[in-house]
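First the structure, in the form of structure tokens, and then the observations on it.
The values are calculated or read from the model by the stated rules, or taken from the named source; none is laboratory data. What you are looking at is a predicted structure, and each value in this text was computed from that prediction instead of being measured. When we count neighbours, we look across all protein chains shown, and the Cβ atoms used for this are built from the backbone with ideal geometry, even at glycine.
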Amino acid sequence: MKICIFGASSAHIDDVYVQKTEELAKKMALRGHSLVFGAGATGLMGAAARGTKCGGGFIHGVIPEFFREEGVEKIYNGCDELTYTATMAERKSRMEDEAEAFIIAPGGIGTLEEFYEVLTLKQLGRHAKAMAVFNIRGYFDSLENFMEEMVAKHFMAPACRKMYKFFTDADELLDYIESYVPENVPWQVLKKD
């Protein structure tokens, strides 16, 4: 299975996030899965790539051309396949189309934007892929609470809570992705509170 991991590119985050993401990606690869990611060499993107490589998995990096030209981000040099895109939107679209499941690791505004984009596409019936949030050290606790608040205040339909799941354990997360069966809830239900 091709699994997309979204996560921080920052090299200045606590090592526990790096270690846990690298361990997750290694387990993912040892289970026979490949990685689709944003091609970064640092932060949790780099950790996902190193872990996948260590587990013997195939790595496809997707990155905008201007990142290379302007030195926006260091590119992971161990990708088995590297695709350059013209824009950020094209980068996301390529990863979304290729991935068969999504893992959201801790990250900043870019990671949150990617999470909400694939969640919105799922809500609108554009895909029915597994979405797992890797909640290392409670990083996403406030996001989980915020999602519940959106439901409670009728900004999000209760059925949307089943479109993604939070995990603190890598093995449980991978078990979920591997056994995931889409519920095929019509978008009309997901758009209604």
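A few comments on the model shown:
- Beta carbons closer than 7 Å, at least 6 apart along the sequence or on distinct chains, pair a first residue in segment 15-43 that is closer than 18 Å to residue 174 by Cα with a second that is of a type in the set (Phe, Trp, Tyr) and surrounded by fewer than 24 Cβ atoms within 10 Å (Cβ to Cβ) for 34/58.
- Residue within segment 29-45 that is of a type in the set (S, T, N, Q) and part of a helix (DSSP H, G or I) present: no
- Qualifying residue in segment 66-73 (condition: in contact with a strand residue (DSSP E or B) (Cβ under 8 Å, 6 or more places away or on another chain), of a type outside the set (S, T, N, Q) and at pLDDT 95 or above): no
- Complete set of residues in segment 139-175 that are buried (at least 17 other Cβ atoms within 10 Å of the Cβ), part of a helix (DSSP H, G or I) and in contact with a strand residue (DSSP E or B) (Cβ under 7 Å, 6 or more places away or on another chain): 163, 173
Table: residues versus (1) over 18 Å from the mean Cα position of the chain (by Cα); (2) surrounded by 18 or more Cβ atoms within 10 Å (Cβ to Cβ).
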site: 70; (1), (2): yes, no
site: 86; (1), (2): yes, no
site: 91; (1), (2): no, yes
site: 95; (1), (2): no, yes
site: 101; (1), (2): no, yes
site: 105; (1), (2): no, yes
site: 109; (1), (2): no, no
site: 124; (1), (2): yes, no
site: 130; (1), (2): no, yes
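- Exactly one residue out of 36, 72, 62 is under 16 Å from residue 9 (Cα atoms), in contact with a Cys (Cβ under 7 Å, 6 or more places away or on another chain) and aliphatic (A, V, I, L, M): that is 36.
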